[in-house]
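The values are calculated or read from the model by the stated rules, or taken from the named source; none is laboratory data. What you see is a predicted model, and the numbers here were worked out from it, not measured in a lab. Every residue, glycine as well, gets a Cβ built from its backbone with ideal geometry; the counts of neighbours run over all protein chains shown. Side chains included, ligands, DNA and RNA excluded: accessible areas come from the protein's heavy atoms. Shrake-Rupley method; radii C 1.70, N 1.55, O 1.52, S 1.80 Å.
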Amino acid sequence: MSQDALKLSVARAALKYVPEGQVIGVGTGSTANFFIDELASIKDRIAGAVASSEATAARLASHGIKVLGLDEIDAPLPIYIDGADEITPQGAMIKGGGGALTREKIVASVAKAFICIADGSKLVDRLGHFPLPIEVIPMAYKPVSQVIARTYGGQPTLRMRDGKPFVTDNGNYILDISGLTIDAPQTMEAEINQLAGVVTVGLFAQKGASICLLGTADGVKTLDFSSKDN
Ligand code: 5RP
(Lines give C-alpha, C1' and ligand atoms only; values in the text may rest on other atoms or scores of the structure.)
Protein backbone atom coordinates (compact mmCIF):
# COMPACT_ATOMS: atom_id res chain seq x y z
CA MET A 1 0.00 0.00 0.00
CA SER A 2 1.19 3.52 -0.69
CA GLN A 3 1.83 5.93 2.16
CA ASP A 4 -1.19 7.95 1.02
CA ALA A 5 -3.39 4.84 1.12
CA LEU A 6 -2.21 4.21 4.70
CA LYS A 7 -2.95 7.83 5.64
CA LEU A 8 -6.42 7.53 4.14
CA SER A 9 -7.03 4.30 6.08
CA VAL A 10 -6.29 5.94 9.44
CA ALA A 11 -8.24 9.06 8.50
CA ARG A 12 -11.29 6.85 7.86
CA ALA A 13 -10.72 4.87 11.05
CA ALA A 14 -10.66 8.09 13.07
CA LEU A 15 -14.27 8.92 12.17
CA LYS A 16 -15.57 6.50 14.78
CA TYR A 17 -13.96 8.65 17.50
CA VAL A 18 -15.91 11.75 16.45
CA PRO A 19 -18.70 12.37 18.96
CA GLU A 20 -22.15 13.44 17.76
CA GLY A 21 -23.15 17.08 18.05
CA GLN A 22 -19.86 18.36 19.43
CA VAL A 23 -16.97 20.59 18.39
CA ILE A 24 -13.71 18.77 17.71
CA GLY A 25 -10.10 19.88 17.30
CA VAL A 26 -8.46 19.26 13.93
CA GLY A 27 -4.76 19.15 13.14
CA THR A 28 -2.57 20.07 10.20
CA GLY A 29 -0.69 18.18 7.51
CA SER A 30 -1.32 15.63 4.79
CA THR A 31 -2.81 13.00 7.12
CA ALA A 32 -5.02 15.62 8.77
CA ASN A 33 -6.10 16.70 5.28
CA PHE A 34 -7.28 13.15 4.53
CA PHE A 35 -9.18 13.27 7.81
CA ILE A 36 -10.82 16.62 6.96
CA ASP A 37 -11.96 15.24 3.61
CA GLU A 38 -13.46 12.21 5.39
CA LEU A 39 -15.01 14.41 8.07
CA ALA A 40 -16.93 16.21 5.32
CA SER A 41 -19.03 13.04 4.89
CA ILE A 42 -20.37 13.37 8.46
CA LYS A 43 -20.26 17.16 8.78
CA ASP A 44 -23.93 17.41 9.67
CA ARG A 45 -23.29 15.26 12.73
CA ILE A 46 -20.80 17.67 14.36
CA ALA A 47 -21.25 21.19 15.68
CA GLY A 48 -17.99 22.40 14.16
CA ALA A 49 -14.23 22.28 14.45
CA VAL A 50 -11.36 24.24 15.93
CA ALA A 51 -8.48 24.42 13.44
CA SER A 52 -4.79 24.22 14.30
CA SER A 53 -3.70 26.34 11.32
CA GLU A 54 -4.96 28.74 8.68
CA ALA A 55 -4.56 25.95 6.08
CA THR A 56 -6.76 23.59 8.09
CA ALA A 57 -9.34 26.32 8.70
CA ALA A 58 -9.51 26.94 4.93
CA ARG A 59 -9.87 23.24 4.12
CA LEU A 60 -12.58 22.74 6.75
CA ALA A 61 -14.46 25.79 5.47
CA SER A 62 -14.16 24.59 1.86
CA HIS A 63 -16.17 21.52 2.89
CA GLY A 64 -18.78 23.66 4.66
CA ILE A 65 -17.61 22.59 8.11
CA LYS A 66 -18.12 25.35 10.67
CA VAL A 67 -14.79 26.68 11.98
CA LEU A 68 -14.81 28.03 15.52
CA GLY A 69 -12.23 29.83 17.65
CA LEU A 70 -11.32 28.71 21.14
CA ASP A 71 -13.04 31.86 22.42
CA GLU A 72 -16.33 30.62 20.95
CA ILE A 73 -16.47 27.26 22.68
CA ASP A 74 -16.63 25.91 26.17
CA ALA A 75 -13.42 23.91 26.57
CA PRO A 76 -12.58 21.10 26.89
CA LEU A 77 -12.97 19.66 23.42
CA PRO A 78 -13.77 15.93 23.46
CA ILE A 79 -11.03 15.06 20.97
CA TYR A 80 -8.18 16.51 18.95
CA ILE A 81 -7.23 14.56 15.80
CA ASP A 82 -3.86 15.12 14.14
CA GLY A 83 -0.88 13.44 12.49
CA ALA A 84 2.69 13.23 13.76
CA ASP A 85 6.20 13.19 12.34
CA GLU A 86 7.31 10.53 14.84
CA ILE A 87 5.57 8.65 17.63
CA THR A 88 7.04 6.25 20.18
CA PRO A 89 5.43 3.10 21.58
CA GLN A 90 4.77 5.25 24.69
CA GLY A 91 2.81 7.91 22.73
CA ALA A 92 5.39 10.73 22.80
CA MET A 93 5.57 12.60 19.49
CA ILE A 94 7.56 14.98 17.35
CA LYS A 95 5.27 17.36 15.49
CA GLY A 96 5.70 20.53 13.49
CA GLY A 97 6.89 19.25 10.14
CA GLY A 98 4.20 21.49 8.68
CA GLY A 99 5.12 24.38 10.96
CA ALA A 100 1.81 24.43 12.85
CA LEU A 101 3.16 23.11 16.15
CA THR A 102 2.17 26.03 18.38
CA ARG A 103 -1.48 26.10 17.44
CA GLU A 104 -1.48 22.30 17.42
CA LYS A 105 -0.23 22.27 20.98
CA ILE A 106 -2.76 24.89 22.04
CA VAL A 107 -5.75 23.04 20.57
CA ALA A 108 -4.45 19.67 21.83
CA SER A 109 -4.04 21.17 25.31
CA VAL A 110 -7.77 21.83 25.61
CA ALA A 111 -8.82 18.41 24.32
CA LYS A 112 -9.65 15.46 26.54
CA ALA A 113 -8.04 13.02 24.11
CA PHE A 114 -5.40 13.32 21.39
CA ILE A 115 -6.11 10.85 18.59
CA CYS A 116 -2.94 10.53 16.54
CA ILE A 117 -3.39 9.29 12.98
CA ALA A 118 -0.20 8.14 11.29
CA ASP A 119 1.14 5.75 8.71
CA GLY A 120 3.34 3.01 10.10
CA SER A 121 6.60 4.74 9.10
CA LYS A 122 6.05 7.25 11.91
CA LEU A 123 6.42 4.69 14.71
CA VAL A 124 9.96 4.85 16.15
CA ASP A 125 11.65 3.42 19.22
CA ARG A 126 13.32 6.72 20.00
CA LEU A 127 12.49 10.28 18.87
CA GLY A 128 15.03 12.40 17.01
CA HIS A 129 15.64 10.92 13.60
CA PHE A 130 13.12 13.46 12.26
CA PRO A 131 14.56 16.96 12.83
CA LEU A 132 12.91 18.53 15.88
CA PRO A 133 11.02 21.74 14.97
CA ILE A 134 11.12 24.69 17.37
CA GLU A 135 9.04 27.83 16.75
CA VAL A 136 11.04 30.90 17.79
CA ILE A 137 10.54 34.65 17.91
CA PRO A 138 12.48 35.84 14.81
CA MET A 139 15.03 37.98 16.71
CA ALA A 140 15.92 34.98 18.89
CA TYR A 141 16.67 32.36 16.25
CA LYS A 142 20.45 32.71 16.50
CA PRO A 143 20.83 32.68 20.30
CA VAL A 144 18.35 29.79 20.57
CA SER A 145 20.32 27.88 17.89
CA GLN A 146 23.52 28.37 19.86
CA VAL A 147 22.03 27.22 23.16
CA ILE A 148 20.45 24.15 21.54
CA ALA A 149 23.69 23.14 19.80
CA ARG A 150 25.70 23.65 23.02
CA THR A 151 23.23 21.87 25.30
CA TYR A 152 22.01 18.98 23.18
CA GLY A 153 24.61 18.64 20.44
CA GLY A 154 22.09 18.92 17.61
CA GLN A 155 22.50 20.88 14.38
CA PRO A 156 19.93 23.68 14.11
CA THR A 157 18.83 24.88 10.67
CA LEU A 158 16.58 27.86 10.04
CA ARG A 159 13.66 26.58 7.96
CA MET A 160 13.54 28.34 4.59
CA ARG A 161 10.90 28.66 1.89
CA ASP A 162 11.53 30.26 -1.53
CA GLY A 163 14.87 31.62 -0.35
CA LYS A 164 13.42 33.36 2.71
CA PRO A 165 12.81 32.21 6.30
CA PHE A 166 9.59 30.20 6.58
CA VAL A 167 7.08 32.27 8.59
CA THR A 168 4.47 30.52 10.74
CA ASP A 169 0.82 31.51 11.08
CA ASN A 170 1.96 33.37 14.20
CA GLY A 171 4.63 35.42 12.39
CA ASN A 172 7.57 33.45 13.81
CA TYR A 173 10.47 31.34 12.50
CA ILE A 174 11.11 27.60 12.75
CA LEU A 175 14.42 26.00 13.70
CA ASP A 176 14.77 22.34 12.69
CA ILE A 177 17.23 20.48 14.92
CA SER A 178 18.81 17.41 13.37
CA GLY A 179 21.13 14.88 14.97
CA LEU A 180 19.35 14.69 18.33
CA THR A 181 19.07 11.59 20.47
CA ILE A 182 15.95 12.12 22.54
CA ASP A 183 15.95 9.71 25.45
CA ALA A 184 13.87 11.83 27.83
CA PRO A 185 11.31 13.70 25.70
CA GLN A 186 9.28 15.05 28.62
CA THR A 187 12.33 16.62 30.25
CA MET A 188 13.62 18.02 26.97
CA GLU A 189 10.19 19.48 26.19
CA ALA A 190 10.12 21.30 29.53
CA GLU A 191 13.73 22.55 29.20
CA ILE A 192 13.46 23.86 25.63
CA ASN A 193 10.13 25.56 26.32
CA GLN A 194 11.91 27.55 29.06
CA LEU A 195 14.48 29.13 26.73
CA ALA A 196 14.06 32.85 26.08
CA GLY A 197 12.69 33.35 22.58
CA VAL A 198 11.23 29.86 22.20
CA VAL A 199 7.51 29.90 21.49
CA THR A 200 6.95 26.13 21.32
CA VAL A 201 9.07 23.02 20.89
CA GLY A 202 7.60 20.30 18.68
CA LEU A 203 7.86 17.65 21.38
CA PHE A 204 4.44 16.43 22.46
CA ALA A 205 5.45 14.22 25.36
CA GLN A 206 4.20 15.82 28.57
CA LYS A 207 0.78 15.48 27.01
CA GLY A 208 1.27 12.86 24.32
CA ALA A 209 -1.22 10.88 22.30
CA SER A 210 -4.13 9.16 24.03
CA ILE A 211 -4.61 6.80 21.10
CA CYS A 212 -2.64 6.24 17.91
CA LEU A 213 -4.30 4.79 14.83
CA LEU A 214 -1.39 3.39 12.90
CA GLY A 215 -1.78 2.52 9.23
CA THR A 216 0.00 -0.70 8.28
CA ALA A 217 -0.17 -3.15 5.38
CA ASP A 218 -2.01 -5.50 7.79
CA GLY A 219 -4.67 -2.90 8.56
CA VAL A 220 -5.15 -0.12 11.09
CA LYS A 221 -3.59 -0.89 14.47
CA THR A 222 -4.81 0.88 17.59
CA LEU A 223 -2.22 1.82 20.20
CA ASP A 224 -3.97 2.90 23.38
CA PHE A 225 -1.93 5.11 25.72
CA SER A 226 -4.87 6.46 27.70
CA SER A 227 -3.81 4.72 30.91
CA LYS A 228 -0.08 5.37 30.44
CA ASP A 229 2.26 8.16 31.43
CA ASN A 230 3.97 9.25 28.18
C1 5RP B 1 2.21 19.79 11.16
C2 5RP B 1 2.36 18.51 11.88
C3 5RP B 1 1.92 17.27 11.16
O4 5RP B 1 1.00 16.62 11.95
C5 5RP B 1 3.09 16.40 10.92
O6 5RP B 1 4.08 17.16 10.23
C7 5RP B 1 2.73 15.16 10.10
O8 5RP B 1 2.38 15.57 8.81
P9 5RP B 1 1.90 14.56 7.70
O10 5RP B 1 0.57 14.05 8.12
O11 5RP B 1 1.85 15.40 6.45
O12 5RP B 1 2.93 13.46 7.59
O13 5RP B 1 2.81 18.42 12.98
O14 5RP B 1 2.77 20.86 11.88
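Rundown of residues vs (1) within 13 Å of the ligand (Cβ to nearest atom); (2) among the basic types (K, R); (3) within 21 Å of R12 (Cα to Cα); (4) within 16 Å of the chain's Cα centre (by Cα), yes/no style:
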site	(1), (2), (3), (4)
V26	yes, no, yes, yes
N33	yes, no, yes, yes
A51	yes, no, yes, yes
A84	yes, no, yes, yes
G99	yes, no, no, yes
K105	yes, yes, no, yes
C116	yes, no, yes, yes
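T181 versus (1) open to solvent by 20 Å² or more (accessible area, probe 1.4 Å); (2) modelled with pLDDT of 95 or more; (3) more than 16 Å from the ligand (Cβ to nearest atom): which is the lone unmet condition?
The single condition T181 does not satisfy is (2).
List pairs: first in segment 93-105 and within 10 Å of D82 (Cβ to Cβ), second in a loop (DSSP other than H, G, I, E, B) and more than 8 Å from the ligand (Cβ to nearest atom), Cβ under 8 Å, 6+ apart or cross-chain?
Pairs found: M93/A205; M93/G208; M93/A209; A100/T168; A100/D169.
Identify the single condition in (1) within 16 Å of the ligand (Cβ to nearest atom); (2) of a type outside the set (G, A, S); (3) in contact with an Asp or Glu (Cβ under 8 Å, 6 or more places away or on another chain); (4) touching a residue at least 40 places away in the same chain (Cβ under 8 Å) that R126 does not satisfy, given that it satisfies every other one.
Condition (1) is where R126 drops out.
For segment 1-87, give me every one of the helices (runs of 4 or more DSSP H) that falls completely inside it and has 1 or more residues that are aromatic (F, W, Y).
The helices (runs of 4 or more DSSP H) meeting that bar are 30-39.
Taking the options L77, L39, L68, name whichever one is within 16 Å of the ligand (Cβ to nearest atom), assigned by TED's automatic domain parsing to the domain that holds V220 and touching a strand residue (DSSP E or B) at 6+ places or on another chain (Cβ under 8 Å).
Residue meeting the stated conditions: L39.
Inspect all residues belonging to segment 153-168 and state whether any of them is open to solvent by 20 Å² or more (accessible area, probe 1.4 Å), in contact with a Ser or Thr (Cβ under 8 Å, 6 or more places away or on another chain), closer than 30 Å to V18 by Cβ and not polar (S, T, N, Q).
No, segment 153-168 contains no residue that is open to solvent by 20 Å² or more (accessible area, probe 1.4 Å), in contact with a Ser or Thr (Cβ under 8 Å, 6 or more places away or on another chain), closer than 30 Å to V18 by Cβ and not polar (S, T, N, Q).
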